[in-house]
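Enquirer: Take a look at this one; I'll ask things after.
The values are calculated or read from the model by the stated rules, or taken from the named source; none is laboratory data. Everything numeric here is computed off the predicted structure, so don't read it as measured data. FYI the Cβ positions are ideal-geometry reconstructions off the backbone, even for glycines, and counts take in every protein chain you see.
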Amino acid sequence: MTAAIAVDRLGVIFDRFHALKGVSLDVQPGESFGLVGESGSGKSTLLRAIAGLAPVASGSITVNGKKLGARRDKAFYREVQMVFQDPYGSLHPRQTVDRLLQEPLAIHGFADGEKRIQRALDEVGLGNGFRFRYSHQLSGGQRQRVAIARALILEPSILLLDEPTSALDASVQAEVLNLLEEVRRRRKLTFLMVSHDLAIITHMCERLMVMQSGEAVENLNADDLVERRVTKDYTRNLLRASDGFVRA
Ligand SMILES: Nc1ncnc2c1ncn2[C@@H]1O[C@H](COP(=O)(O)OP(=O)(O)OP(=O)(O)O)[C@@H](O)[C@H]1O
């Protein structure tokens with residue numbers, strides 16, 4: 001089976017700082033895959049590189065069988081969409097929900113925009129009443145629903161989720177995670193998800209990779225983490241730091 005995402009010995013350098021040092025990863029179509037590791041370990045950089053937002057110094061990234069070169073076509077940007085932690089940051093304050101959803105459709109020249117907007121808003125549980133609101137007129141959870149609708153509107157096959165619920169309080173977090181899981185099943189999406197919360201990763205993902213200082217430390221099944229079948233001290237320490245939160 002062709003991997004949805006295949007990353008081979010990827011290196012990313014900012015200035016002279018090696019943010020990723022030969023990271024490899026395979027995510028299968030329809031799989032939900034987690035990335036964990038302490039702050040600064042390179043999780044967001046890996047997502048951003050896959051989305052074409054970080055400079056690739058060495059190695060390769062292949063998405064749905066297509067190797068990404070320096071020039072990425074519009075079809076690539078449709079296939080891979082990103083949802084960020086902070087919906088304030090990712091939604092333009094002077095645009096209504098309608099404009100935020102129209103924008104990617106206009107860029108990609110879709111004529112059936114109305115149908116897509118209705119579907120995306122329905123799917124994230126926001127009625128038409130929200131359509132002409134600005135982001136400051138929405139709650140944090142509603143803003144993240146809009147960000148998810150915007151990611152879905154081009155009908156991607158892959159969502160890159162960078163701490164998608166960590167700016168939300170606990171009850172809203174659960175709602176948004178359930179929504180993401182429903183959307184993944186319905187649309188048969190592939191997820192690559194970063195979270196510092198191991199309970200969220202074990203709940204949402206089948207497999208995960210542990211990262212430290214720009215390198216992959218350990219690849220695990222979610223069950224291995226729950227059962228504490230880990231081999232690296234670094235992973236053991238991460239588990240210890242989140243003790244009580246990983247469901248047994
Ligand atoms: N655009 C950039 N320019 C320079 N350095 C960067 C840039 N983006 C990231 N870095 C550095 O790369 C390293 C990895 O950052 P990254 O954001 O990938 O870590 P992370 O594991 O996602 O951390 P966190 O959990 O805090 O979000 C950090 O040391 C960061 O300072």
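Enquirer: Could you look through segment 176-198, keep only residues that are within 16 Å of the ligand (Cβ to nearest atom) and modelled with pLDDT of 95 or more, and pick out the one that is nearest to Val80 (Cα to Cα)?
Expert: Looking only at segment 176-198, we keep the residues that are within 16 Å of the ligand (Cβ to nearest atom), and these are 192-198.
Still in the running and modelled with pLDDT of 95 or more: 192-194.
On the way: Leu192: 10, Met193: 13, Val194: 15 Å.
Among those residues, the one meeting the criterion is Leu192.
Enquirer: Can you pull out the residues in segment 1-21 that are among the β-branched types (Val, Ile, Thr) and away from the ligand (no atom under 16 Å from the Cβ)?
Expert: From segment 1-21, those among the β-branched types (Val, Ile, Thr) are 2, 5, 7, 12-13; that's our starting set.
Scanning segment 1-21 gives Thr2, Ile5.
Enquirer: Can you name the residue in segment 7-24 that is hydrophobic (A, V, I, L, M, F, W, C) and over 13 Å from Ala216 (Cβ atoms) and, of all such residues, is surrounded by the fewest Cβ atoms within 10 Å (Cβ to Cβ)? Give the derivation first.
Expert: So in segment 7-24, the residues hydrophobic (A, V, I, L, M, F, W, C) come out as 7, 10, 12-14, 17, 19-20, 23.
Then keep just the ones that are over 13 Å from Ala216 (Cβ atoms); that gives 12-14, 17, 19.
Working: Val12: 22, Ile13: 16, Phe14: 12, Phe17: 8, Ala19: 23.
Top of the filtered list is Phe17.
Enquirer: Do the conditions hold for Ile201, that is, is it in contact (Cβ under 8 Å) with a residue 24 or more places away in the chain, part of a helix (DSSP H, G or I) and within 16 Å of the ligand (Cβ to nearest atom)?
Expert: Details: in contact (Cβ under 8 Å) with a residue 24 or more places away in the chain: yes; part of a helix (DSSP H, G or I): yes; within 16 Å of the ligand (Cβ to nearest atom): yes.
Criteria met by Ile201.
Enquirer: Determine whether segment 75-92 contains at least one residue that is within 11 Å of the ligand (Cβ to nearest atom), surrounded by 19 or more Cβ atoms within 10 Å (Cβ to Cβ) and under 18 Å from Glu155 (Cα atoms).
Expert: Within segment 75-92, one or more residues are within 11 Å of the ligand (Cβ to nearest atom), surrounded by 19 or more Cβ atoms within 10 Å (Cβ to Cβ) and under 18 Å from Glu155 (Cα atoms).
Enquirer: Quick one: is Thr235 within 16 Å of the ligand (Cβ to nearest atom) and under 25 Å from Val97 (Cα atoms)? Show your work before the answer.
Expert: Details: within 16 Å of the ligand (Cβ to nearest atom): yes; under 25 Å from Val97 (Cα atoms): no.
In short, no.
Enquirer: So which of Ser44, Ser24, Ser32 ends up being near the ligand (Cβ under 7 Å from one of its atoms) and on the phi < 0 side of the Ramachandran plot?
Expert: Values: Ser24 fails: near the ligand (Cβ under 7 Å from one of its atoms); Ser32 fails: near the ligand (Cβ under 7 Å from one of its atoms).
On inspection, the qualifying residue turns out to be Ser44.
Enquirer: Which one of the conditions (1) without any contact (Cβ under 8 Å) to a residue 60 or more places away in the chain; (2) surrounded by 15 or more Cβ atoms within 10 Å (Cβ to Cβ); (3) part of a strand (DSSP E or B) does Ser60 fail to meet, given that it meets all the rest?
Expert: That leaves (2) as the condition not met.
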